[in-house]
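Data first, discussion second: the structure below is written as structure tokens.
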Amino acid sequence: MRILFISKHKPPHIGGVEKHIREISEELKKKDYVVTTISEEDIKQPHIKIIGLLYIWFWFLKNIKVLYKTDIIHIHDVFIWYLPFCFLLPFKKIFITFHGWEGKYPIPIYNILNKKVANYLCNGSIAVGKYIEKYYKIKPDYIIHGAVRKLGQDYGRQTKIKNTVVWLGRQEKDTGYFEFQKWLKKQREKYKVKYITNDPNPEKYLKTAEYCVPSGYLSYLEAKNANCKILTFSHNKLKEDYWNEIMSIKKIPTWSKICEVYLKLWRK
């Protein structure tokens, strides 16, 4: 079976969505699926709002054979890229993963409508976090939170270095970065902080870090798997709900388990 992922970016570009796509693709290939990902790296559209979107639509029209030959089309957030083809290719099965929140709070109406329309027009959906259901008022078929490649990874043999902190992820407002900086200034003890933003394999830093400040679900699970003490920071109610949700998870899933969710969705 031929699977087409459509995403803003793809590996080796670094990010949570990109890692998600990489891991799911690897699991699918083990099951003899043929996986292709189309992203900005392939389309190379100009980054001008309306012109860029028109360029993307034209690119897909010009390469429509790729869509024809695909058995399953699965979109990662960028539903608007595919919107015209819902009507041009009504026989195609399309699915979507909603990876998260765009960072603006309160959430703009346009962003809510975008997800509502996508959820309605797609044959099925996955949301990375139950908070998406609450704040975007949609009903996805499945809720996931990401995964880790291998449970444990010999972390139990590592010695944690006292007062070492790894910041894992983007250094931006929506990740709680500024709240973390305020927290650091108030501490009497000195912490040695390492900021990891663009490393595809942060596990080597987590092995010896006593603390981790994750920026999102995926980095949280990786830090928990590495037996780090976890610090989270919020600047609005949505982010509070976000962290409360992930901290309530007792069992860390593997990517093979998440892959099974995709397969169940596609069998609908």
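The values are calculated or read from the model by the stated rules, or taken from the named source; none is laboratory data. These numbers were taken from a predicted model, which means no experiment stands behind them. Neighbour counts run over all protein chains shown; Cβ positions are idealised from the backbone, glycine included. Please note that ligands, DNA and RNA were not included when accessible areas were found on the heavy atoms of the full protein model with its side chains. Shrake-Rupley method; radii C 1.70, N 1.55, O 1.52, S 1.80 Å.
One residue stands out in the stretch 41-51 among those that are open to solvent by 30 Å² or more (accessible area, probe 1.4 Å), among the aliphatic types (A, V, I, L, M) and assigned to a helix (DSSP H, G or I): the one that is modelled with the highest pLDDT, namely ILE51. Selection of the stretch 229-253 for residues being open to solvent by 30 Å² or more (accessible area, probe 1.4 Å), of a type in the set (Val, Ile, Thr) and at pLDDT 95 or above yields ILE230, THR232.
Counting the residues of the stretch 201-212 that are out of contact with any strand residue (DSSP E or B) (no Cβ under 8 Å at 6 or more places or on another chain) and either under 21 Å from GLU240 (Cα atoms) or open to solvent by less than 60 Å² (accessible area, probe 1.4 Å) (or both) gives 1. Restricted to helices (runs of 4 or more DSSP H) entirely inside the stretch 107-195, those with at least 3 residues that are surrounded by 12 or more Cβ atoms within 10 Å (Cβ to Cβ), of a type in the set (S, T, N, Q) and modelled with pLDDT of 95 or more are 109-121.
Taken together, ILE246, ILE252 contain a single residue that is part of a loop (DSSP other than H, G, I, E, B), in contact with a Leu (Cβ under 9 Å, 6 or more places away or on another chain), in contact (Cβ under 8 Å) with a residue 40 or more places away in the chain and within 27 Å of ILE96 (Cα to Cα), which is ILE252.
Considering only residues that are outside any loop (DSSP other than H, G, I, E, B) and open to solvent by 30 Å² or more (accessible area, probe 1.4 Å), look in the stretch 1-18 and name the one that is farthest from ILE72 (Cα to Cα). Applying the filter and picking the extreme gives GLY16. Cβ-Cβ contacts under 8 Å between residues 6 or more apart (or on different chains), taken from a first residue in the stretch 86-99 that is touching a residue at least 12 places away in the same chain (Cβ under 8 Å) to a second residue that is open to solvent by 100 Å² or more (accessible area, probe 1.4 Å), are listed as LEU89/TYR68.
Quick one: in the stretch 44-75, of everything that is under 21 Å from the mean Cα position of the chain (by Cα) and of a type in the set (Val, Ile, Thr), which residue is nearest to ILE96 (Cα to Cα)? Step by step, filter the stretch 44-75, then rank; the result is ILE75.
Output the residue which, of all residues in the stretch 19-40 that are part of a helix (DSSP H, G or I) and basic (Lys, Arg), is most open to solvent (accessible area, probe 1.4 Å).
That would be LYS30.
Taken over the stretch 111-124, the residue count meeting the criterion of being closer than 13 Å to LYS137 by Cβ and either of a type outside the set (A, V, I, L, M, F, W, C) or free of Cβ contacts under 8 Å to residues at least 12 places away in the same chain (or both) is 7. Please indicate, with yes or no, whether at least one residue in the stretch 213-228 is more than 27 Å from TYR131 (Cα to Cα) and either open to solvent by 50 Å² or more (accessible area, probe 1.4 Å) or part of a loop (DSSP other than H, G, I, E, B) (or both). No. Does LYS182 meet the test of being farther than 18 Å from HIS99 by Cα and touching a residue at least 24 places away in the same chain (Cβ under 8 Å)? So LYS182 fails the test. One residue stands out in the stretch 66-83 among those that are out of contact with any helix residue (DSSP H, G or I) (no Cβ under 6 Å at 6 or more places or on another chain) and within 12 Å of LEU53 (Cβ to Cβ): the one that is surrounded by the most Cβ atoms within 10 Å (Cβ to Cβ), namely TYR82.
Does LYS92 qualify as being under 30 Å from LEU67 (Cβ atoms), open to solvent by less than 80 Å² (accessible area, probe 1.4 Å) and assigned to a helix (DSSP H, G or I)?
no
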